[in-house]
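Everything on this sheet refers to the single structure shown next.
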Amino acid sequence: MGVVKFGKYQLKSGIISPIYVDLRILISSPKFMDEIAQSLIALLPNNGIDLICGVPYAALPIAACISVRKNIPMVMCRKEAKSYGTKQMIEGIWKNGQNCVIIEDVVTSGSSVSSVAQLLRQSGIYTEHAIIIIDREQGGPAYLKNHNIKIASLFTLTELLEILHQENRITKEQFDETNLFIHNSPAPKIPSELKFTCSQLDRLNQIIQSKQSRLCVAMDILDPTKLLQLTDEIGLEVCAIKLHLDILLSNTNPEMIIQGLCNLSVKHGFLIIEDRKLADIGQTVYNQLFHGVYRIAEWCDMVTVHCLPGPGVFDAFRKVNQKLLENGKHHQISALVVAEMSCQGALTTDSYKDQCTSLIKMNTDIIGGFVAQHPLSGFDICSSNISYWVP
């Protein structure tokens, strides 16, 4: 059928491989697909399975076959939410605490399985098992073990090659070249947990623990009097408020509003986030934070930013914090990275989110978290060291 292809193929991990296994085309052979499903069923845990979930997209038809044969309900995780309808990331019916087994076609690094597991766990679904057709032997099992996922596979890539060679389906040159590639491709190191070290994270965690609240309220209010009144009313229940100071009515006295917000922050114990979504060259961002009408750096805890301008944005925050220290102020500010937006038609694609991830990892001293509707690749949403702000 052409499932196994030889040549030069770039994998999701970026590695150039002499072999590519394309199990998507199995949908053209119901017989083979059913046989593989039956083989995978033999690898399922003996009991306690409430749900089946295939990793999109290649594993979905196999997962559906298993679901029908075993009469186990199936849920489906999306790569990204639809911009219409229910806009859900997980389709299907489930209950909190149900146990789900993940089905995947090919595992290389294990990141796709891990991303699905994170979505399931975020929705209250318990998962610790993944059933794989082919393990490419490039670190996937070790990576998934580090994320508390046990895997069972039908074949390793080495075993598949041996079968094809014994059946004279591939040449000796193809067999030797691919075996050499497998043995010379070191498994990627399991990343240690990143440490975000900005001072606001400690304070945020203390507020969350003391209030037992993770609520941040968006105060998109034009009237300054109403802004202060509502903030006073809800202050005890929230860990942060997010505002747009620059949308307040033009007759507003900025200093009075800022002082009022700071007083309420001390009174009720919450962080103040200015939702400016800064996206300019470093010097301009510095001036927006330290100078101007609002002098954001002197009173705000966190400020939202875009990654579009590159690392200069975060350098500006460091420069501002250094200036605050020189001026005898112990107050510091952190950046909240807007990695994803909830508005329809937003250009925050998966590629953009990956680029944000790279910048975030290089600026953990100044970043207090990220705004996103879905987990970012490379970050464990269950970690207490990470601050997700979900619209």
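The values are calculated or read from the model by the stated rules, or taken from the named source; none is laboratory data. Remember, predicted model here, so these are calculated numbers, not experimental data. With ideal geometry, Cβ positions are generated from the backbone for all residues, glycine too; neighbour counts draw on all protein chains shown.
Residue by residue through the range 374-391, note down the ones that are at pLDDT 80 or above, surrounded by 15 or more Cβ atoms within 10 Å (Cβ to Cβ) and out of contact with any Cys (no Cβ under 7 Å at 6 or more places or on another chain).
Passing the criteria: SER387, TYR388.
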key: Long-range neighbours under 9 Å by Cβ, at least six apart or interchain, first residue free of Cβ contacts under 8 Å to residues at least 12 places away in the same chain within the range 104-129, second of a type in the set (A, V, I, L, M) and surrounded by fewer than 21 Cβ atoms within 10 Å (Cβ to Cβ)   = none
note = Here the residues within the range 202-234 that are touching a strand residue (DSSP E or B) at 6+ places or on another chain (Cβ under 8 Å) and part of a helix (DSSP H, G or I) are ARG203, LEU204, ILE207, LEU227, LEU230, THR231, ILE234
query = Got a sec? Which strands (runs of 3 or more DSSP E) wholly within the range 298-391 have at least 3 residues that are of a type in the set (Val, Ile, Thr)?
reply = 302-305
query = What number of residues within the range 136-179 satisfy the criterion of being of a type in the set (Ser, Thr, Tyr) and surrounded by fewer than 16 Cβ atoms within 10 Å (Cβ to Cβ)?
reply = 2
ask   = Consider PRO311 against the criteria (1) in contact with a Leu (Cβ under 9 Å, 6 or more places away or on another chain); (2) closer than 25 Å to CYS216 by Cα: it satisfies all of them except one. Which criterion is unmet?
value = (2)
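Just to be sure, is PRO61 crowded, with 16+ Cβ neighbours inside 10 Å, more than 22 Å from LEU26 (Cβ to Cβ), touching a Gly at 6+ places or on another chain (Cβ under 9 Å) and not aromatic (Phe, Trp, Tyr)? So that I can check it myself, show each step before the final result.
Working: crowded, with 16+ Cβ neighbours inside 10 Å: yes; more than 22 Å from LEU26 (Cβ to Cβ): no; touching a Gly at 6+ places or on another chain (Cβ under 9 Å): yes; not aromatic (Phe, Trp, Tyr): yes.
It is false that PRO61 is crowded, with 16+ Cβ neighbours inside 10 Å, more than 22 Å from LEU26 (Cβ to Cβ), touching a Gly at 6+ places or on another chain (Cβ under 9 Å) and not aromatic (Phe, Trp, Tyr).
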note = Within the range 279-296, restricting to residues that are aliphatic (A, V, I, L, M) and within 21 Å of SER250 (Cα to Cα), the one that is modelled with the lowest pLDDT is VAL293
request  = Taking the residues in the range 138-162 that are within 18 Å of PRO18 (Cα to Cα) and either outside the structural domain of ILE19 (by TED's automatic domain parsing) or modelled with pLDDT under 90 (or both) as candidates, determine which candidate is farthest from the chain's Cα centre (by Cα).
outcome  = GLN138
ask   = Are any of the residues in the range 116-126 of a type in the set (A, V, I, L, M, F, W, C), modelled with pLDDT of 85 or more, more than 29 Å from VAL3 (Cβ to Cβ) and surrounded by fewer than 16 Cβ atoms within 10 Å (Cβ to Cβ)?
value = no
ask   = When you go through (1) in contact with a Pro (Cβ under 6 Å, 6 or more places away or on another chain); (2) at negative phi one by one for ILE132, which number turns out not to apply?
value = (1)
query = For the subset of the range 27-50 comprising residues that are of a type in the set (Ser, Thr, Tyr) and farther than 15 Å from ILE131 by Cβ, which member is farthest from the chain's Cα centre (by Cα)?
reply = SER29
key: Contacts under 9 angstrom Cβ, first residue in the range 274-288 being assigned by TED's automatic domain parsing to the domain that holds ILE247 and part of a strand (DSSP E or B), partner charged (D, E, K, R) and surrounded by fewer than 19 Cβ atoms within 10 Å (Cβ to Cβ), 6 or more apart   = GLU274/ASP246; ASP275/ASP220; ARG276/ASP246
query = Within the range 127-179, which residues are of a type in the set (Gly, Ala, Ser) and not in a loop (DSSP other than H, G, I, E, B)?
reply = ALA130, GLY140, ALA142, ALA152, SER153
ask   = Quick one: which strands (runs of 3 or more DSSP E) sit completely within the range 1-111 and have at least 3 residues that are at pLDDT below 95, over 30 Å from GLU173 (Cβ atoms) and in contact with a Lys or Arg (Cβ under 7 Å, 6 or more places away or on another chain)?
value = none
inquiry  = Here are the criteria: (1) within 16 Å of MET219 (Cα to Cα); (2) at pLDDT below 95. Tell me which single one ASN253 does not satisfy.
reply    = (1)
